[in-house]
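Peer 1: My questions all concern the structure below.
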Amino acid sequence: MGVCPRYVLSFWTFAVKGLVALTILKNDSIPKKGEGLIISCLTSSVEFIGELTITWNYPTKSTATTCFADIHACTGSSIKYRFSADNNGAYATIHSLDRSRDSGTWTCIGSDNLGNNSTVIIVYTLPTGVVFTQAPNASVDLSVTSVKLQCKTASCMYPMASVQWFYQDLSNSTTPVIYTITNSSGTLEACLDQEQIYTSTLDLPLYTTLSDNSDKFVTFSCRIVYLDPSINIMARGQHTIRFAVRVTEAVLQQNNKNVTDTLTVTAGELVTLTCVTATSRPAPTIDWYLGSQKKGSGASLTFIPSDMDHSKTIYCQAYNIDISGTVFSLKPSLFVQVRVTEAVLQQNNENTTDSLTVTSGDSLTLTCVTPPSRPASTIDWYIGSERKGSGASLTFTPSNEDHNKAIYCLAYNINPYQQVSSLKSRLFVKVKVSEVTLAVLGSGTILFYEGYVKMLHCISSPSRPIASIRWWLGNQQLTDNITNTDNTDISGLYVLTSLASIIMTRGNINQTIYCDGYISDQMHPSVSRQHSIDVLYAPDMSVTVPGPAMENTTLTVLCKARGHPDEYTFHPWKQMWGDKVIRSNLHGTPVSNHNTLKLERLSHQDMGTYICSVDNSITGIDGKLEQTGTVDLKVTGAPAVLKEEEFHFTELAGHSIHISIPFYSNPAIESFIFEKNGTRLQNNSRTSMNLSTSFIDSKFYGIPIKLEAAKANLFIQNLTQDDFDNYTLVLRNFLGTKEFRLHLEAAGPPNMVDTFNFIRFTANQLEFHFKPGFNGGRVQTFVIEYKSIVSLDSSWRNSSVTDLKESVITNGSYFVNITQPPPGKYEYRMYSWNDIGRGPHSDVVITVFIPEVPSNSESPELPFAGIAGGISAGIVIILGVVISIFLWRRYQHAKKNEHENDVAGKDKESTRRTRIKDAAVKQDVSRGKEYEGLNFTKAEATQYLQLNDIAMEDNRDPKTRSPESDSYEKLHSYANNEIQMYSLLKIPEASNDSEAKYENTQIIQLD
């Protein structure tokens, strides 16, 4: 049994007359089962002197026990309960507390209504201790997981006590902190006497925080809580628990600095903001908002603001345990800076280029245009490296010193080191022309020579760009033949020199000339001094013919000059025909500005261009000092043929001829006729006549010219021998009639010989007979060719004539002897030629046999029959000899004009005949001696001719044929069967020399 705990029962008591308060006191320790207990009932601050009666009521009985303070004694005491008193009050001592008997309300009641007071006694059964029955084995983080702690009493206890949980901060050695359990629970296990074993559970869910929201590592302990603090029944945990920490603050930061009411950002540039929270566990969830739009999550936000974000609020919100605990940062407004990104240089609302043209001395305003920006841009202006001003525009007056410098503006609005520049336009500074000077000595008149270039210089003052200089003649601008040359002065300006090559005419006299200069956009050009013009010019000429120019009359030609100055020198007249000078020293009569030329006894040779020459010491525009005037003169008169000599025409027989006679007729020809031997020709199938015009060769005063004249044309087709005769042309116009004689003669190679026959042998010679064809109008030469038939050499050849007598001509035919060749068989043929060409070979080729003749016998003269017999025997020798007979024919012309029989022509023809006769004596003497016994006599020739005539006659009439004609025909028939045609012997072309010489040739002239 332990010491009785003392309870004091307070009560009220009164001194003699008064109420006394009673107080019940128990002892300091709690009532424990089996231990003692003292209950005190004390008066309050009054000490009792008299009798005091106190009645005790307790759970097991309600017996009044009287206690006397003055004697310190009480009634009703027993072994279990003992009552006592003293001057302070009454006392009840309970020995070995019993729960069933002692538990309940104890009341002390003072007598005489002194008051009462009571107390409740609970009999406690204390546990022997408390133990942890559930705890983590390791550290627990309540921001990650939950935890449950459990402890219980080690023995039975009464009553059910409060279990107190408390923790101790491991980082701080201070007194443990009681942890108020709001969610703890307990379990009971049955014991005796209402006693129980008590279990207490501390449930710490996920995200449990301390009341102060601190972040601590703690250990928990549990204990039984009694009124008596001296009783300490507890269990200390060995685990570590870390509490969650609620996020309580979000702070918006940029670059580690808190953002307050305004956040300045730049459009288009990255911005990173941080949402800084106080220590919290678990980590908070952070969301970012720009205005009402969620922009992202996380501890930081990186975004690119735009101009549209300006004035919007930006903030972060954070929570980590439950969303209801969300905390917000400050909500600053965004001040979105829009950086100036461009600067555009403008003039008159148009963008400038890389070159800006300005004018020195003219004020100019430029504008620097930037796109919308925030804050407003700061703009500075520069020309070259020199700052010229600031602001959105610049007004300045450029000078020449600014030329080629760059002008630009710089703009910024956020960082002065991040300026943007406009295009740097290079200034092209125009400098106006302030003066132009016409470089002329003096200020008076400028003297020109008409038609000649005069160089004038106009010089501009220094300018930029190169000036334009204009030349003015009165109100007319001069644009041709102007050359400009520019030079640069030391200031870089241009000085233009304009060189005008000016040609003035007399019409420019008294006009003014000047120049002006300007550059582009210069409204008022600078003008030079004006000068008047004087023009010197060579004389103008006028030449006139006052009357008609008629043949055999006198005519006056008048020349008049007009120039400046008006002093003249006249020169001799000239007569020209085209570019031919006919006469160059015709003297006129000059008077003042006139010169008169008199022409007497006019003829058509006076026609042409007459030139009057004069000078006044001024060179004309043609570069000549002498100036000329001209007049064309035509003379009228009877027709005139434009050839002085007799007209001779030649053509081949059988051909056609065109005879053209040029003549001049002014007035025009009225009629023309051709006559032949006095008979007028008419147009027919062979003959026609007409007129035509053309340029022909003529002469004026002995000078050859080309004259456009008429032609009288005569056409004759297929000329015959009768057409070769004398003709007359008769021309007639209004003023007279003229006649002109013509002569037509033949000209061509001869025709083929009409006949060619072999006659006989005679003393080393062969005799042939032939009749010439038409000679073509020229002396013709006859050639006899021969060739051997039996020898290897079968070419045609010639042989000399040894003896030639004048041939007998009968009916226009001829006999000719040629030298006989050696014995053999030969072919003969014949042709003729003249100075025009060669005629064809004869159409007869004669075969002749030359027999062998014994050396001691005389060569007989072989009659014609003998020749035939020789041919039959096959021993005839063919001898071919070329005999050239130049047959000269005298032409008998009916001459009606004595000019056609001039002496000179006869002498020329006589000389030619003499030369032909001289050539006829040439012969080969050596070969002639060998055959000189074979002469052809006249009697034999006559016999042959008679035979030939008979044969020809008989051939015409077969009934009258004679035996001789039959023999003759047989001879020729045989000969014709033997004819072989060969190439013609080549002879020289026709030439003016009719004395062609041939080797081994005999030439005979027959009259």
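The values are calculated or read from the model by the stated rules, or taken from the named source; none is laboratory data. Every value quoted in this text rests on a predicted model; they were computed, and no experiment measured them. No Cβ is skipped: glycine too gets one built from the backbone with ideal geometry, and neighbour counts run over all protein chains shown. Side chains included, ligands, DNA and RNA excluded: accessible areas come from the protein's heavy atoms. Shrake-Rupley method; radii C 1.70, N 1.55, O 1.52, S 1.80 Å.
Peer 1: Quickly run through the range 701-739 and pick out the residues that are without any contact (Cβ under 8 Å) to a residue 60 or more places away in the chain, open to solvent by less than 60 Å² (accessible area, probe 1.4 Å) and within 22 Å of residue 608 (Cβ to Cβ).
Peer 2: Hits for the range 701-739 are 702, 710, 711.
Peer 1: Do we find a residue being open to solvent by 40 Å² or more (accessible area, probe 1.4 Å), free of Cβ contacts under 8 Å to residues at least 60 places away in the same chain and not in a loop (DSSP other than H, G, I, E, B) anywhere in the range 650-659?
Peer 2: Yes, the conditions are met somewhere in the range 650-659.
Peer 1: Scan the range 268-293 and report the pairs whose first residue is open to solvent by 50 Å² or more (accessible area, probe 1.4 Å) and whose second residue is of a type in the set (Asp, Glu), with Cβ atoms within less than 6 Å and a gap of 6+ or a chain change.
Peer 2: Cβ pairs passing all conditions: 279/215.
Peer 1: Would you confirm whether or not the range 126-149 contains a residue that is open to solvent by less than 20 Å² (accessible area, probe 1.4 Å), under 21 Å from residue 37 (Cα atoms), at pLDDT 85 or above and out of contact with any helix residue (DSSP H, G or I) (no Cβ under 8 Å at 6 or more places or on another chain)?
Peer 2: yes
Peer 1: Given the conditions (1) part of a loop (DSSP other than H, G, I, E, B); (2) open to solvent by 40 Å² or more (accessible area, probe 1.4 Å), which single one is not true for residue 692?
Peer 2: Going through (1) part of a loop (DSSP other than H, G, I, E, B); (2) open to solvent by 40 Å² or more (accessible area, probe 1.4 Å) one by one, residue 692 breaks only (1).
Peer 1: Any idea how many residues of the range 507-521 are surrounded by fewer than 18 Cβ atoms within 10 Å (Cβ to Cβ) and either over 13 Å from residue 445 (Cα atoms) or modelled with pLDDT under 90 (or both)?
Peer 2: Total satisfying the criteria: 3.
Peer 1: Out of the range 489-498, which residues are modelled with pLDDT of 90 or more and either outside any strand (DSSP E or B) or over 36 Å from the mean Cα position of the chain (by Cα) (or both)?
Peer 2: Correct list: 493 only.
Peer 1: I've got another one for you. If I filter the range 370-391 for residues that are under 17 Å from residue 521 (Cα atoms) and either of a type in the set (Lys, Arg) or in contact with a strand residue (DSSP E or B) (Cβ under 9 Å, 6 or more places away or on another chain) (or both), do I get at least one hit?
Peer 2: Checking the range 370-391: not a single residue is under 17 Å from residue 521 (Cα atoms) and either of a type in the set (Lys, Arg) or in contact with a strand residue (DSSP E or B) (Cβ under 9 Å, 6 or more places away or on another chain) (or both).
Peer 1: In the range 599-625, how many are open to solvent by 80 Å² or more (accessible area, probe 1.4 Å) and touching a Gly at 6+ places or on another chain (Cβ under 8 Å)?
Peer 2: 2
Peer 1: I would also like to ask the following. For the range 235-248, what are the residues that are over 17 Å from residue 320 (Cβ atoms) and crowded, with 17+ Cβ neighbours inside 10 Å?
Peer 2: Across the range 235-248, the qualifying residues are 235, 237, 241.
Peer 1: Mind checking which residues of the range 739-753 are touching a Phe, Trp or Tyr at 6+ places or on another chain (Cβ under 8 Å) and of a type in the set (D, E, K, R)? Give the steps one after another, and end with the answer.
Peer 2: Restricting attention to the range 739-753, the residues satisfying the condition of being touching a Phe, Trp or Tyr at 6+ places or on another chain (Cβ under 8 Å) are 740-746, 749-753.
Residues satisfying the conditions are 741, 745.
Peer 1: For residue 758, indicate whether it is buried (at least 19 other Cβ atoms within 10 Å of the Cβ) and not acidic (Asp, Glu).
Peer 2: yes
Peer 1: Among (1) outside any strand (DSSP E or B); (2) open to solvent by 40 Å² or more (accessible area, probe 1.4 Å); (3) modelled with pLDDT of 85 or more, there is one condition residue 778 misses while meeting the rest; what is its number?
Peer 2: Of (1) outside any strand (DSSP E or B); (2) open to solvent by 40 Å² or more (accessible area, probe 1.4 Å); (3) modelled with pLDDT of 85 or more, only one is false for residue 778: (3).
Peer 1: Restricting the range 352-403 to residues that are in contact (Cβ under 8 Å) with a residue 60 or more places away in the chain and part of a loop (DSSP other than H, G, I, E, B), which is least open to solvent (accessible area, probe 1.4 Å)?
Peer 2: In this case the residue turns out to be 352.
Peer 1: Also, I was wondering about something else. Please go through the range 79-114 and give me each residue that is at positive phi, at pLDDT 85 or above and part of a strand (DSSP E or B), ordered by number. Full working, then the answer.
Peer 2: Keep residues of the range 79-114 that are at positive phi, which gives 89, 96, 104, 112-113.
Checking which are at pLDDT 85 or above leaves us with 96, 104.
Hit for the range 79-114 is 104, nothing else.
Peer 1: Quick check, is residue 600 closer than 28 Å to residue 733 by Cβ, of a type in the set (D, E, K, R) and modelled with pLDDT of 85 or more?
Peer 2: Yes, satisfied.
Peer 1: Are there any pairs with C-beta distances below 9 angstrom linking a residue in the range 133-147 that is under 19 Å from residue 200 (Cα atoms) to a residue that is among the small types (Gly, Ala, Ser) and open to solvent by 30 Å² or more (accessible area, probe 1.4 Å), with the two at least 6 apart or on different chains, and if so which?
Peer 2: Here the result reads 147/135, each pair linking the range 133-147 to a residue that is among the small types (Gly, Ala, Ser) and open to solvent by 30 Å² or more (accessible area, probe 1.4 Å).
Peer 1: Filter the range 537-571 down to residues that are within 60 Å of the chain's Cα centre (by Cα), among the hydroxyl-bearing types (Ser, Thr, Tyr) and over 14 Å from residue 628 (Cα atoms), then give me how many there are. Before the answer, list the steps.
Peer 2: So the first thing to find is which residues in the range 537-571 are within 60 Å of the chain's Cα centre (by Cα), and the list is 537-542, 562-565.
Now restrict to residues that are among the hydroxyl-bearing types (Ser, Thr, Tyr): 537, 542.
Narrowing further to those that are over 14 Å from residue 628 (Cα atoms): none.
Qualifying residue count for the region: 0.
Peer 1: If I filter the range 583-603 for residues that are closer than 30 Å to residue 775 by Cβ and in contact (Cβ under 8 Å) with a residue 12 or more places away in the chain, do I get at least one hit?
Peer 2: No, the range 583-603 contains no residue that is closer than 30 Å to residue 775 by Cβ and in contact (Cβ under 8 Å) with a residue 12 or more places away in the chain.
Peer 1: Could you pull out the residue among 713, 751 that is over 60 Å from the mean Cα position of the chain (by Cα) and part of a loop (DSSP other than H, G, I, E, B)? Let's see the steps before the verdict.
Peer 2: Details: 713 fails: part of a loop (DSSP other than H, G, I, E, B).
Just one listed residue meets the conditions, 751.
Peer 1: Evaluate the range 736-744: report whether one residue or more is under 21 Å from residue 825 (Cα atoms) and among the aromatic types (Phe, Trp, Tyr).
Peer 2: no
Peer 1: Check residue 340 against each of (1) touching a residue at least 60 places away in the same chain (Cβ under 8 Å); (2) touching a Lys or Arg at 6+ places or on another chain (Cβ under 9 Å) and name the one condition it does not meet.
Peer 2: (2)
Peer 1: Name the residue that is farthest from residue 619 (Cα to Cα), counting only residues in the range 542-595 that are of a type in the set (A, V, I, L, M) and open to solvent by 30 Å² or more (accessible area, probe 1.4 Å).
Peer 2: 550
Peer 1: Continuing with this model, one more query. Quick one: count up the residues across the range 491-505 that are open to solvent by 40 Å² or more (accessible area, probe 1.4 Å) and either in contact (Cβ under 8 Å) with a residue 40 or more places away in the chain or β-branched (Val, Ile, Thr) (or both).
Peer 2: 4
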